[in-house]
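The values are calculated or read from the model by the stated rules, or taken from the named source; none is laboratory data. All of these numbers come straight from a predicted model, not from anything done at the bench. All Cβ positions, even for glycine, are placed from backbone atoms using ideal geometry, and neighbour counts span all protein chains on display. Each accessible area value is taken on the protein alone, full model and side chains, heavy atoms only, with ligands, DNA and RNA left out. Shrake-Rupley method; radii C 1.70, N 1.55, O 1.52, S 1.80 Å.
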Amino acid sequence: MRDQRIDKLADVLVNYSVRCQKGEKVLIEGRGIDAELIKALVEKVYEAGGFPFVEVVDLAVERALLLGTSKKHCELRAKYDKYRMEDMDCYIGVRGGSNTFELSDVPAENMQVYDRTYSYPVHHEIRVLKTKWVVLRYPNPSMAQNAGVSTEKFEDYYFDVCTLDYSRMDKAMDALKALMEKTDKVRLVSPGTDLTFSIKGIPAIKCAGNMNIPDGEIYTAPVKNSVNGVITYNAPSLHGGIKHENICLRFIEGKIVEATSSNTEALNKVLDTDSGARYVGEFAIGVNPFVTKPMLDILFDEKISGSIHFTPGCCYDDAYNGNKSSVHWDLVSIMTPEWGGGEIYFDDVLIRKDGLFVLDELKCLNPENLK
């Protein structure tokens, strides 16, 4: 008998996140996961009157494809997948896998070609812009290991995080969205960080279960050339199967002019992918009350309550700052006391200290008010 929590999650994804309507075509893509959630999603799409289409990807097979890929090969893959994606109304991407580092030995050059020639045109230019979409991870022993807990405990945690009342969170975000859209200057201060930039004139976008599960962030983008100072990220990050710790970026007039980490060479290879990779495309504030520590999975880590992420690479079209890149690398800094604390200022006014909002109109986003 299927775990009833799987059916509840499938219902959230189909009927809340992508809001499937009668007659709509829904692409369900499973990467490195078992069949139970995929089957539940297919059933829910049928119940909603939609037409489900399914692709299941084995990550070991994807690794084999990437090891021998080329620009021409990626162009051909993109050609066929673009045709399919353009015909879809909704997209549900479910990602998992038993080995977080499955792609770690794929050459960086191959990953850059894949990102530029396949991922960007298929996903950024079509899926993000033209479909109702949601992406999520699915629990497995590898994720539990990264979180430092048993598989059973992680599954309980996962379903709490992914099926919380996102409509309540959405309403609570209204005040922060309004404040961000009135703000010019932002300053971030924490150990190893003193960074200033402008967000003037750029929309703030609420994320409360419509595009990611788990969810819980509000994002905008810095004015492209306004970023100055230094930021140190205290959450580890995985990119192309390579783990980075203590990433530190120094900015002058928007551009990353110095970048170091536990793997500085690999970090700079990513930032040299194209001309936009050394500029920032997103600034976001995380508010999910159930996500409190990093686990090397960005769909969770970027939602950590009391965190921010500041993202080298491409901006989103709905928070457009003009920066284009095949890179979009969400990097997270946690500002709770356990992680060294930190402060966020909007136009010289303190709005969050040590991970908690201090303005009365924003306190509804503090953890005790969202659980």
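Among what's in segment 351-371 and is open to solvent by 50 Å² or more (accessible area, probe 1.4 Å) and in a strand (DSSP E or B), pick the residue that is nearest to Val291 (Cα to Cα).
Across segment 351-371, the extreme among qualifying residues is Leu356.
Considering every residue within segment 303-314, establish whether at least one is at negative phi, buried (at least 23 other Cβ atoms within 10 Å of the Cβ) and aliphatic (A, V, I, L, M).
The answer is yes, given that some residue of segment 303-314 is at negative phi, buried (at least 23 other Cβ atoms within 10 Å of the Cβ) and aliphatic (A, V, I, L, M).
So for segment 119-135 (the condition being of a type in the set (S, T, N, Q), open to solvent by 40 Å² or more (accessible area, probe 1.4 Å) and outside any loop (DSSP other than H, G, I, E, B)), does at least one residue qualify?
Checking segment 119-135: not a single residue is of a type in the set (S, T, N, Q), open to solvent by 40 Å² or more (accessible area, probe 1.4 Å) and outside any loop (DSSP other than H, G, I, E, B).
Identify, from the list Gly148, Gly254, the residue that is surrounded by fewer than 23 Cβ atoms within 10 Å (Cβ to Cβ), under 25 Å from Thr273 (Cβ atoms) and either modelled with pLDDT of 90 or more or over 20 Å from the mean Cα position of the chain (by Cα) (or both).
After ruling out the rest, the residue left standing is Gly254.
Is it fair to say Phe290 is under 13 Å from the mean Cα position of the chain (by Cα) and touching a residue at least 12 places away in the same chain (Cβ under 8 Å)?
No, not satisfied.
For (1) at pLDDT 95 or above; (2) not in a helix (DSSP H, G or I), each residue gets a yes or a no:
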{"site": "Met143", "(1), (2)": "no, no"}
{"site": "Asp156", "(1), (2)": "no, no"}
{"site": "Lys171", "(1), (2)": "yes, no"}
{"site": "Leu179", "(1), (2)": "yes, no"}
{"site": "Lys182", "(1), (2)": "yes, yes"}
{"site": "Val186", "(1), (2)": "yes, yes"}
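Residue-by-condition table, conditions (1) under 16 Å from Glu55 (Cβ atoms); (2) of a type in the set (Phe, Trp, Tyr); (3) in contact with a Ser or Thr (Cβ under 8 Å, 6 or more places away or on another chain):
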residue: Tyr80; (1), (2), (3): yes, yes, no
residue: Glu86; (1), (2), (3): yes, no, no
residue: Val94; (1), (2), (3): yes, no, no
residue: Leu103; (1), (2), (3): no, no, no
residue: Glu155; (1), (2), (3): no, no, no
residue: Val161; (1), (2), (3): no, no, no
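Can you say whether Asn228 is farther than 30 Å from Val161 by Cα and surrounded by fewer than 23 Cβ atoms within 10 Å (Cβ to Cβ), as far as the supplied structure shows?
So Asn228 passes the test.
Of all residues in segment 237-251, which are modelled with pLDDT of 95 or more and crowded, with 19+ Cβ neighbours inside 10 Å?
Hits for segment 237-251 are Ser237, His244, Ile247, Leu249, Phe251.
Glu265: assigned to a strand (DSSP E or B), free of Cβ contacts under 8 Å to residues at least 60 places away in the same chain and either aliphatic (A, V, I, L, M) or surrounded by fewer than 17 Cβ atoms within 10 Å (Cβ to Cβ) (or both), yes or no?
no
Residues Leu179, Leu164: which one is open to solvent by 20 Å² or more (accessible area, probe 1.4 Å) and within 21 Å of the chain's Cα centre (by Cα)?
Checking each option against the conditions leaves just Leu164.
Are there any pairs, at least 6 apart or on different chains, whose C-beta atoms fall under 6 Å, with the first in segment 342-363 and in the same structural domain as Thr232 (by the TED database) and the second open to solvent by 50 Å² or more (accessible area, probe 1.4 Å) and among the basic types (Lys, Arg), and if so, which?
Glu343/Lys353; Tyr345/Arg187; Asp347/Lys185; Phe357/Lys363
In segment 4-19, which residue that is touching a helix residue (DSSP H, G or I) at 6+ places or on another chain (Cβ under 8 Å) and open to solvent by less than 60 Å² (accessible area, probe 1.4 Å) is farthest from Leu136 (Cα to Cα)?
Restricting to residues being touching a helix residue (DSSP H, G or I) at 6+ places or on another chain (Cβ under 8 Å) and open to solvent by less than 60 Å² (accessible area, probe 1.4 Å), the top hit is Asp7.
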